Structures are given as structure tokens and as C-alpha cells.
Amino acid sequence: MSKVQIWKQRIFYGATDMAGNLIWQIVGLYLLFYYTTVLGISPAFVGTLFLVVRVIDAFDGVVYGYLIDHTHSKYGKSRPYFLWFGVPLGILTMLLFFNPTFGGNKAFQLAWISLVYTLFSLVYSGANTPITAILPSLSSDPDERTNLASARMVMTNIGTAVIGAISLPMVAKLGGGNTKLGWTIWSAIIGVVIMLLFFGAFANLREHNAVDNTAVDEANHIKSHLSVGESLKGAAKNTPWVLLSIGFILLQTFWVIRMQTAVYYLTYVYRRTDMIGLFNGLIIVAVIGNLSVPLLSKFMKHRNVMVVALLGFAVGEAIMPLGLSSGSMIPLFTGMIISTIAMGAAFSISFVMIADTVEYSRLKLRIDEPGILSSVPMVGAKLGMGLGGFLSGMILSWGGFQASAKIQDAKALSAISASFIWIPIVIAVGICVILQFYKLDEAEVAAEVKAQAAAAEKRAAEQAQTTDTAVTADSAVADDESDEDLSDGNL
């Protein structure tokens, strides 16, 4: 593959996650705030809605993973899903912030919000599960997979940084003072962009090695096209995958809690609403963390890259409240930069580690199920969104948060600080403890995969040579018989 093709693949692979995260960022940063302050819905209802929907669709990523494993089309296994679900996701993005008043009937409004949010969550999984599932098929080179995962997160963070920085100003400008109208127009623009990005990825990505593994699979008795039960049993035996799944769910949980309470923290704790756009726009520095992963992974195991990143995040979080007593914004922004760079590295390496567990499953368990195993990010994102949203809403309610009050009491401020700073730190450290039991050696796995491929190629070459020899021998015998017949005829 030429350099141009390699970079084209990286860019359009990154476009898939950029598309999904444009709306993910808005949902994470602003949907709770939009529902509670713009529409006047209670935090308890919103938190419960987030949890109930997560219970409904928590494992739809596994279903989509199973469908991907059993999809056979001229476009590949994962690639068609970018087209099939990218367009509906764009439409539902528009509907999330299109909320009729229904003549003042609150019950109808709550039913509408619940229906649209549920459909959005189901379709979001269908568009995003193939992003991770397609990675092993884009390249068999571990280093290029790391580069692809980094490119994915770079483009994701560029998109989310722009969204975080300009959403509120754009809403204000587009709405002309009408916040609700501004959100409706802004979400319509984002929905169109999402559809275009997914279509671009569908048109330009190719699953290069989808067929290349056939000889290796046959030679090593690797099973594929399993039933749901067999797939789940195989996944349960994959210990590194199980540990990574738990860690990823917790990762998404604390990240959602932190994202959803960022606006509250700036608004009520630091009381600097003028800094919200700049603060959220700092997500762009996560690109530094994304780009550091290919370098760090050359010097340490993937697990250790994740641990270092999570500890760096915890340090950054702990720095942020240090300026409260003096009113200085320097610790807030310093801590934000450190924690965001660290999370950029954490998310990038997590997707590489999922690809590692896919290879581990093929190598050690003789099971090829990239769709099921790659559903981890979606299951984790859904459970994390649900648990994080539920906890955010419940903690705000416990603290006595009042949307109509410009100044919150001490208990509400403590609840906001706990959600934004301290709960994420505790969970991040907990993930580090879990990862101490993650023993997968990706270098060893990569070496064995290459050895298997080389052995399969050698066997294929030997079989071809044997076939050629047999054909040559048969041809010689036929020639001899023909000569004998001709000789008999001359007699």
C-alpha cells in the first residue's frame, strides 16, 4: 500500500469516530444541562431516563458484533454498517434537540424525549460498533494498527474540541436569544455533518485482509461463524478481554460523569460561565496524548501505557480545585490540560488493546470473533453513559441542586465537585488496580501470529508444488500413452 493510501485510510478511519463523537460530545457535555435548564425537566427524571435506556440497550453492541461476524457482502463485514446506520444517526441527532411543547402537555413531552433518546442510543451502537470491529481487517501490522487507533482518536478529539468550544456560541448566534431554537438549528447542522463523514468512510475504506486469513484459519483449526452462545462462551474464556471490558466500562463511567458535570463546575463552583467554551475546547490537547501512544508503546506494554495515562489523569484532576480559594484559573486550566492529554492516551491505547484481545482469541482460543470482542467500547460506552448519567443526576438531586437558583448552597457545590473531580479519580485508580491482572503480552502474540501466517504460506506453497508435480507426472504419463498409441498405429 502506498503512503497516500495509508494516510487516506487513516483519515477516513478517523472520520468514523469523529462522526460518532460529534454528537457524543454534545450529549455528554450538554444534554443533561439542556434537559434540566432549557426544558426545565428535573435532574432525577433525566438521570433515571439515562439509566433505563442503558438497561434497554446496554448489550446491543454485542448483538451488532454478532451481526458483523455473520455479515457477508461485497463491501466486507463492518464497512456496510457505516452506510446503514450513519444516515439514521444523523437524523436522530437532529431530533434529540427538536422538542415540541405539545401544547404544554408535560407527559407528551417526556414521552417524546424518552422515545427519541432510546432510538438514538440503539442506532448509535449500530454506527459505532463496526469502527472497532473493522480495525483488525484494515491491517495485520500491529504498528499500523496503533497508528490507525491514534489517527482515530486525533480526529475524534479535533472534532470534539471544536464542538466543545463553539457549541454554546453557535447556539446563541443561531437562536438569536432563543436557546431552544438555537439548539434545534445547531443539531440539524451537526446531523448533516455526521451523515457526510460516515458516507465518506464507507466510500473510501477497504477491509484488506478479510480473506487473507483463510489459509491460516484452516491450518490452525480456527473457528468462525459461531452461534451467539458459542461466541459469548469464547469471549468469557478470554481473560484479558474480560478484564479490559470491566476496565473500559469503568473508564466510560467516570468520563461521562466528568463530562456531564463540567458545565456545572464552571457555572456554579468557579462561577466563570465565560470560560466554558475555552475550557471545553481544551479537549484538543488530547491529540498530544493520542500521538504519544505509538511512541510509548515501543517502550512499554500496552497495559502499562494505560496505567500511566490513568494516573496522569488523576494528577490533573487533583490540581484543578487548587485555585478556588484564590480565584485563580491557572490550576483549573493546568489540571484540565494534564488530565485531557492523559485521557487522549488512555482512549487510544484502549482500542489497540481490544485489537490485541481479538488476536489473542484467534491465537490461543482458536476462535475468530472480532465483532463480538470489538463490541466492548459500545457496551462500555452505553453502560458508562447510563451509570454516569444516573449517578450525575442522583448526586445533583442529593445535593439539592436547583436549576432556577443562580447560586447553589454548599451541599450542591460539594455534589458538583464530587462528580467532576473526586469520583473520577477514585474510579481511575480502581481501573489501574484491575489492570495489574491483565497479562496479555502483545509482542509475543504478534510474533506468534506472524509465525502462524508464515507457516500457513509455507504449507500452501508446498501443496501447490505437490499439485504441480502431480499434474506434470499425469501429463508425462498421458504423453507416453499417446506415443504408444501412435506407435501401435504405425505397425
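Values for this structure:
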quantity	calculated
Residue within the stretch 110-126 that is in contact with a Pro (Cβ under 8 Å, 6 or more places away or on another chain), part of a helix (DSSP H, G or I) and without any contact (Cβ under 8 Å) to a residue 60 or more places away in the chain present	yes
Any hit, the stretch 266-282, residues being over 18 Å from Leu29 (Cα atoms), open to solvent by 30 Å² or more (accessible area, probe 1.4 Å) and either of a type in the set (Val, Ile, Thr) or within 18 Å of the chain's Cα centre (by Cα) (or both)	no
Single condition Ala107 does not satisfy, out of (1) touching a residue at least 40 places away in the same chain (Cβ under 8 Å); (2) more than 17 Å from the chain's Cα centre (by Cα)	(1)
Test: residue in the stretch 286-305 that is under 20 Å from Val426 (Cα atoms) and either part of a loop (DSSP other than H, G, I, E, B) or open to solvent by less than 30 Å² (accessible area, probe 1.4 Å) (or both)	yes
Residue within the stretch 129-143 that is in a helix (DSSP H, G or I), open to solvent by 20 Å² or more (accessible area, probe 1.4 Å) and acidic (Asp, Glu) present	yes
Scope the stretch 390-407; condition modelled with pLDDT of 80 or more, open to solvent by less than 60 Å² (accessible area, probe 1.4 Å) and outside any helix (DSSP H, G or I); matching residues	Gly399, Gly400, Phe401
Helices (runs of 4 or more DSSP H) enclosed by the stretch 1-103 - at least 2 residues per element that are open to solvent by 40 Å² or more (accessible area, probe 1.4 Å), without any contact (Cβ under 8 Å) to a residue 24 or more places away in the chain and on the phi < 0 side of the Ramachandran plot	3-26
Output for the stretch 163-192, where each listed residue is hydrophobic (A, V, I, L, M, F, W, C), surrounded by fewer than 18 Cβ atoms within 10 Å (Cβ to Cβ) and under 16 Å from Leu278 (Cβ atoms)	Ile166, Ala172
Qualifying residue in the stretch 193-213 (condition: buried (at least 16 other Cβ atoms within 10 Å of the Cβ), more than 22 Å from Pro80 (Cβ to Cβ), polar (S, T, N, Q) and in contact (Cβ under 8 Å) with a residue 40 or more places away in the chain)	no
Conditions (1) aliphatic (A, V, I, L, M); (2) in a loop (DSSP other than H, G, I, E, B); (3) open to solvent by 60 Å² or more (accessible area, probe 1.4 Å); number of the one not met by Val429	(2)
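A quick yes/no check of all residues on (1) touching a Ser or Thr at 6+ places or on another chain (Cβ under 6 Å); (2) at pLDDT 85 or above; (3) more than 21 Å from Ala410 (Cα to Cα):
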site: Arg258; (1), (2), (3): no, yes, no
site: Tyr264; (1), (2), (3): no, yes, no
site: Thr267; (1), (2), (3): yes, yes, no
site: Asp274; (1), (2), (3): no, no, yes
site: Val285; (1), (2), (3): yes, yes, yes
site: Ile288; (1), (2), (3): no, yes, yes
site: Val307; (1), (2), (3): no, yes, yes
site: Leu310; (1), (2), (3): no, yes, yes
site: Glu317; (1), (2), (3): yes, yes, no
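Yes/no per residue for (1) at pLDDT 70 or above; (2) touching an Asp or Glu at 6+ places or on another chain (Cβ under 8 Å); (3) not aromatic (Phe, Trp, Tyr):
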| site | (1), (2), (3) |
| --- | --- |
| Ile427 | yes, no, yes |
| Ile431 | yes, no, yes |
| Lys439 | yes, no, yes |
| Glu444 | yes, no, yes |
| Val449 | no, yes, yes |
| Ala453 | no, no, yes |
| Lys458 | yes, no, yes |
| Ala464 | no, no, yes |
| Thr472 | no, no, yes |
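The values are calculated or read from the model by the stated rules, or taken from the named source; none is laboratory data. Predicted model only: the values in this text are computed from it and were never measured. Cβ sites come from the backbone with ideal geometry, for glycine too, and all protein chains shown count toward neighbours. Note: areas computed on protein heavy atoms with side chains; ligands, DNA, RNA excluded. Shrake-Rupley method; radii C 1.70, N 1.55, O 1.52, S 1.80 Å.
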